[in-house]
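Structure record follows, encoded as structure tokens.
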Ligand code: PCA
């Protein structure tokens, strides 16, 4: 089995993004599955281009996109992607769409095709806070999540790729200047992502 896992570059004034910091630390093989890692820009449209070309290049069986959710106190396994861009602030190239559909001809929403509750339960079992989340926001993460699910239902349909999104909290070094914000150690985030991969591999067999 081959799994593509992506993280984002820093945005919103941060100098690191825990999503890619954690993705980088995953081993290249987890439970016998080949792990392909990619960093994607926090830029509307461009982020998807990177994921799409990686899918074309590597032909994965599963795609997990990971992003930072400042303010989260648990790993959030996202359930649903919405066909809407409504950015509260500009992305890394100044794009700030307001109430614009991502695909004019797409359905209003897609569900994750990852085993979200099994992933949540397995992460909690390792002593790390995790929850199923019913909103990935309306910024670049939701944009990528929706677009990947749309591609998996259309252009890549015959490949039977499962795909979904996981949001992760800040890591402690990001909250030194914002002491009221929750954070999670990077090693726990890495363990959570590794656990998600293990569950996906176990479900695939
Ligand atoms: N989080 C943002 C975009 C990039 C990231 O890591 C979001 O939640 O939309």
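The values are calculated or read from the model by the stated rules, or taken from the named source; none is laboratory data. None of these values were measured; they are calculated from a predicted model. Note that each Cβ is placed from the backbone with ideal geometry, even for glycine, and that neighbours are counted across all protein chains shown.
Of all residue pairs spaced 6 or more apart or on separate chains, none has beta-carbon atoms under 6 Å together with a first member in region 160-189 that is under 22 Å from residue 141 (Cα atoms) and at pLDDT below 95 and a second member that is within 15 Å of the ligand (Cβ to nearest atom) and part of a loop (DSSP other than H, G, I, E, B). Scanning region 165-187 for any residue that is assigned to a helix (DSSP H, G or I), in contact with a strand residue (DSSP E or B) (Cβ under 9 Å, 6 or more places away or on another chain) and within 14 Å of the ligand (Cβ to nearest atom) turns up at least one such residue.
Across region 16-30, the number of residues qualifying as closer than 21 Å to residue 144 by Cα and either surrounded by fewer than 17 Cβ atoms within 10 Å (Cβ to Cβ) or near the ligand (Cβ under 9 Å from one of its atoms) (or both) comes to 6.
Checking the stated criteria, residue 4 turns out to be in contact with a helix residue (DSSP H, G or I) (Cβ under 8 Å, 6 or more places away or on another chain), in contact (Cβ under 8 Å) with a residue 12 or more places away in the chain, away from the ligand (no atom under 12 Å from the Cβ) and within 14 Å of residue 144 (Cβ to Cβ).
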